[in-house]
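Presented below is the structure to which this report refers.
The values are calculated or read from the model by the stated rules, or taken from the named source; none is laboratory data. Owing to the predicted nature of the structure, the values given are computational and were not obtained by experimental measurement. Ideal geometry is used to build each Cβ from the backbone, glycine not excepted, and the neighbour counts take in all protein chains shown. Ligands, DNA and RNA are excluded from the accessible area calculation, which covers all protein heavy atoms including side chains. Shrake-Rupley method; radii C 1.70, N 1.55, O 1.52, S 1.80 Å.
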Amino acid sequence: MPSPAPAIVLENVEKRYGRIAALDGVDLIVPGGAIALLGPNGAGKSTLLRVVATLSKPTRGGIFIRGVDARKEPERVRADIGLISHQTHLYEDLTAGENLRFYGRLYGLGDLKERVLQALAEVGLSGREHDRVRGFSRGMKQRLAIARATLHQPTILLLDEPFAGLDAAARAMLSERLRLLRPAGCTVILVTHDLQRCLDLAERFAILNRGRLVAKGETAGKSIENLKRCYENAIIQRLSAIPAPE
Ligand code: ATP
């Protein structure tokens, strides 16, 4: 029997913004499981998530989601993907429930009333269904963004610093959800600056610097000191340098 296609494949992906190469020939295979994407500010991490999510077209290169060419069939792969980015993608004038029902209809989900109540409960927002998002705190918006991104039960989750703004209880809730998703067959790319979180939540890591993949490996058996050394060696002398146009 042929082995299943890897969850995510990037082949020589380049993304240019004028003279800046945000991604500069990235090759990456994520067979499944969770991979943490590390790298300094401006390294290209968010750009990589956006091109995998088909929100941004690469200038060159191939992206395949479970064997499907994301450039040729973006709608097909999008149904499988959940993205939590720096933007919450929430409508401020709608209530929490209206936001989730809107996204649920976009994904063609049934049992919406039930699903929405459950999703709100899972992120600790029970009782806030009828409140407008405009009045939510930053952490509450982030909780709702998590509910929005996972409502359609995607098998690929792309998380761009998803812990930002969350309180201790919400951080624990999200960590627990990510741990439960893995055995359920969900593939995760987690962008984080927190090396401990990388070790706790991912089996693999990849380090981007100036749009290039400069190191990758497995987290098993690695201590925080090992990983820190690996990170510093990978981006040595460039820690504070934001890429400038060539
Ligand atoms: P951070 O850790 O600060 O979030 P990052 O690794 O996610 O950084 P990106 O946001 O992917 O970095 O940015 C990579 C490079 O691409 C930067 O030089 C940035 O200025 C540039 N870039 C990203 N998006 C755009 C855009 N829409 N227009 C112009 N340049 C962009």
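All but one of (1) basic (Lys, Arg); (2) outside any strand (DSSP E or B); (3) within 16 Å of the ligand (Cβ to nearest atom) hold for Lys15; state the number of the condition that does not hold. Failed condition: (2). For the stretch 187-201, the criterion of being in a loop (DSSP other than H, G, I, E, B) and more than 16 Å from the ligand (Cβ to nearest atom) is met by no residue.
Looking at the stretch 91-113, is at least one residue buried (at least 17 other Cβ atoms within 10 Å of the Cβ) and within 16 Å of the ligand (Cβ to nearest atom)? No, the conditions are met nowhere in the stretch 91-113. Scanning the stretch 52-78 for residues that are buried (at least 18 other Cβ atoms within 10 Å of the Cβ), among the aliphatic types (A, V, I, L, M) and out of contact with any Leu (no Cβ under 7 Å at 6 or more places or on another chain) returns Ile65, Ala70, Val77. Does Glu232 qualify as being in contact (Cβ under 8 Å) with a residue 40 or more places away in the chain and either closer than 30 Å to Phe102 by Cα or not aromatic (Phe, Trp, Tyr) (or both)? Taking the combined requirement at face value, the residue does not satisfy it. Being away from the ligand (no atom under 16 Å from the Cβ), within 22 Å of the chain's Cα centre (by Cα) and surrounded by fewer than 13 Cβ atoms within 10 Å (Cβ to Cβ) holds for only one residue in Ala119, Ala149, Ala169, and it is Ala169. Residues considered: Leu157, Leu144. Of these, the only one that is away from the ligand (no atom under 16 Å from the Cβ), surrounded by 13 or more Cβ atoms within 10 Å (Cβ to Cβ), modelled with pLDDT of 95 or more and part of a helix (DSSP H, G or I) is Leu144. Kindly check whether there is at least one residue in the stretch 3-20 that is open to solvent by 70 Å² or more (accessible area, probe 1.4 Å) and small (Gly, Ala, Ser). Yes.
For the list (1) away from the ligand (no atom under 16 Å from the Cβ); (2) modelled with pLDDT of 95 or more, I need the number of the one condition that Arg78 fails. With (1) away from the ligand (no atom under 16 Å from the Cβ); (2) modelled with pLDDT of 95 or more applied to Arg78, the lone miss is (2). Taken over the stretch 20-51, the criterion of being in a strand (DSSP E or B), closer than 17 Å to Cys198 by Cα and either of a type in the set (S, T, N, Q) or within 10 Å of the ligand (Cβ to nearest atom) (or both) is satisfied by Leu37, Leu38.
Matching residues to (1) hydroxyl-bearing (Ser, Thr, Tyr); (2) within 22 Å of Leu38 (Cα to Cα); (3) under 16 Å from the mean Cα position of the chain (by Cα):
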{"residue": "Gly139", "(1), (2), (3)": "no, no, no"}
{"residue": "Ala164", "(1), (2), (3)": "no, yes, yes"}
{"residue": "Pro183", "(1), (2), (3)": "no, no, no"}
{"residue": "Val191", "(1), (2), (3)": "no, yes, yes"}
{"residue": "Gly211", "(1), (2), (3)": "no, yes, no"}
{"residue": "Ser223", "(1), (2), (3)": "yes, yes, no"}
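State which residue is farthest from Arg148 (Cα to Cα) when the search covers only the stretch 52-75 and only residues that are of a type in the set (A, V, I, L, M) and within 16 Å of the ligand (Cβ to nearest atom). Among them, the one singled out is Ile63.
Residue pairs whose Cβ atoms lie under 8 Å apart, separated by 6 or more positions or on different chains, with the first residue in the stretch 48-61 and under 15 Å from His86 (Cβ atoms) and the second part of a helix (DSSP H, G or I) and away from the ligand (no atom under 11 Å from the Cβ), are Ala53/Arg78.
Does Arg76 satisfy the condition of being in a strand (DSSP E or B), of a type outside the set (A, V, I, L, M) and over 17 Å from the mean Cα position of the chain (by Cα)? Judged against the criteria, Arg76 is not a match. Going through (1) surrounded by fewer than 17 Cβ atoms within 10 Å (Cβ to Cβ); (2) basic (Lys, Arg); (3) within 16 Å of the ligand (Cβ to nearest atom) one by one, Arg210 falls short only on (1). Taken over the stretch 115-130, the residue count meeting the criterion of being farther than 14 Å from Leu174 by Cα and in a helix (DSSP H, G or I) is 4.
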